[in-house]
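Data first, discussion second: the structure below is written as structure tokens.
Just so it is clear, none of the values below were taken in a lab; they were calculated from the coordinates. Quantities reported herein were computed from a predicted structural model and do not represent experimental measurements. Virtual Cβ from ideal backbone geometry, glycine too; neighbours counted across all protein chains shown.
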Amino acid sequence: MKSITLKAANVKETISVQFGEKILSEGFSYKKAGNEFRRQNESYTYIFNIDQAAWIDSYSLHVRLYISQKQIEDTLEKIIGKLRHKLTIGNDIGRIYKSPDGREIVNGDLSIWIRQDEDVKAAIESLEWYYTDIAKPYFKRYQTLESIDDIINNAPFDHCPANVGGNFDERCMKGLIAARLVNNPVYEKLVAIYDEAIKQTMNNESIENYYKVKDYLMYNRIK
């Protein structure tokens, strides 16, 4: 079996160009630095991220889907300062695919492996399928604050459901912000849940930031 001869940069460029022909036609733009495709839609940014890793005799592609919601992220940054990232919900595409309702905590692996030069074509076909059958429905599902509030602010609360992702401390903070933005009627119950949940982080900075968010929302209106 012939081993791969293509350089990592060549694989990345070929995929970004050929897969890009499909996704760019639907309003996305390519960000080379993060090897990802982004589409801005009013207050929402939809992200199709491709993490390419090099191994001794192969390359692997790991796709992650993210959604950034402007009001939630801007409010959090206003309260606690500059953020490491502005990704509101999202996760590995395999976890999203294997948890259609977004609430199951699953380990789904949809990694793509490139072991020969000829595998690049198959990898692009897989990426096109991931976009059409998984990413598009996922992005379409979360186009409102109500839908984001629903996935963040419902059980299970012990870990992050598949469509939430990130660190649990972020879920606690963004969950309260999302609940306030949509006037969630069970806001006080959520506060009680997150008050207990945030203790699981064992990170003093995260706990301090959570209470900053909680206190701010208690005395300030946001929209």
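Remark: the N154-V191 segment gains 12.1 nm on full extension, using 0.36 nm per residue and subtracting the alpha carbon distance.
For the chain, the alpha carbon positions stretch 63, 35, 31 Å along the principal axes, listed from largest to smallest. Taking the Cα of T14, stepping 7 Å toward and past its beta carbon, and measuring to each backbone N in the range 97-126: which are under 18 Å? Flagged as within label range: 112-126. Put the Cα centre of the range 64-113 next to the Cα centre of the range 128-184 and the gap is 7 Å. For the range 96-223, the Kirkwood radius over C-alpha pairs fed into Stokes-Einstein at 4 °C and 1.567 mPa s yields D = 78 µm² per second. Between the Cα long axis of helix 187-197 and the first principal axis of the chain there is an angle of about 70°, rounded to the nearest 10. Suppose only helical runs count, i.e. DSSP H with n ≥ 4. What mean residue ellipticity at 222 nm does that imply for the chain under -39500 (n - 2.57) per run, divided by all residues and rounded to the nearest 500 deg cm²/dmol? -12500 deg cm²/dmol, from helical runs alone.
With neighbour counts taken as other beta-carbon atoms within 10 Å, the residues H85, H62 rank, fewest first, as H85, H62. For the range 122-193, the normalised intensity computed at q = 0.12, 0.27 Å⁻¹ comes to -0.40, -1.21 (log10 of I(q)/I(0), Debye sum over alpha carbons, equal scatterers, no solvent). How far is helix 119-129 tilted, in degrees, relative to the longest principal axis of the Cα atoms in the chain, given as a value from 0 to 90 rounded to the nearest 10? Tilt relative to the chain: about 40 degrees. Helix 204-219 axis versus longest C-alpha principal axis of the chain: approximately 60°, rounded to the nearest ten.
Once Rh for the range 47-142 is found with the Kirkwood sum over Cα pairs, what is the Stokes-Einstein diffusion coefficient at 25 °C and 0.890 mPa s, in µm²/s? Value of D from the Cα-based Kirkwood radius: 164 µm²/s.
In sequence order, the range 149-160 has phi-based couplings of 4, 4, 6, 6, 9, 10, 4, x, 10, 7, 9, 7 Hz under the Karplus curve 6.51 cos²θ - 1.76 cosθ + 1.60, θ = phi - 60°, and Gly or Pro positions carry x.
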